[in-house]
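Heads up, the thing below is written out as structure tokens.
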Amino acid sequence: MAKTASFEKRLERVKEIVALLEGGDLPLEQGVKLFQEGVRLSRECATELEQARVIVESAGQEPGAQAGEDA
């Protein structure tokens with residue numbers, strides 16, 4: 001899967017990989033490759049979520065913004 005895939009597509013692929021691995025009907029080599037792909041994709045998703053968290057938190061700390069302030 002291309003690294004430029006959307007967060008949602010990467011997350012969906014991780015779910016597919018988990019289902020395949022849980023099925024237990026894969027040859028070892030294919031299972032290892034899928035596991036590696038799943039780890040890579042989950043790390044990419046985690047990085048993207050962290051970036052989004054930072055953006056959301058910094059938006060709440062802009063001048064004039066106060067905790068609990070209604071817009």
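Overview of values
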{"read-out": "Any hit, segment 40-58, residues being loosely packed, with under 14 Cβ neighbours inside 10 Å and in a loop (DSSP other than H, G, I, E, B)", "value": "no"}
{"read-out": "Candidate set: segment 1-18, residues that are among the aliphatic types (A, V, I, L, M) and within 17 Å of Ala52 (Cα to Cα); chosen: the one modelled with the lowest pLDDT", "value": "Ala5"}
{"read-out": "Hits in segment 22-53 - residues which are touching a residue at least 24 places away in the same chain (Cβ under 8 Å) and among the charged types (D, E, K, R)", "value": "Glu37, Glu44, Glu48"}
{"read-out": "Any hit, segment 6-13, residues being among the acidic types (Asp, Glu), out of contact with any Phe, Trp or Tyr (no Cβ under 9 Å at 6 or more places or on another chain) and surrounded by 10 or more Cβ atoms within 10 Å (Cβ to Cβ)", "value": "yes"}
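The values are calculated or read from the model by the stated rules, or taken from the named source; none is laboratory data. Bear in mind the structure is a predicted one, so any value in this text is a computation, not a measurement. Glycine gets a Cβ as well: all are built from the backbone with ideal geometry, and neighbour counts include every protein chain shown.
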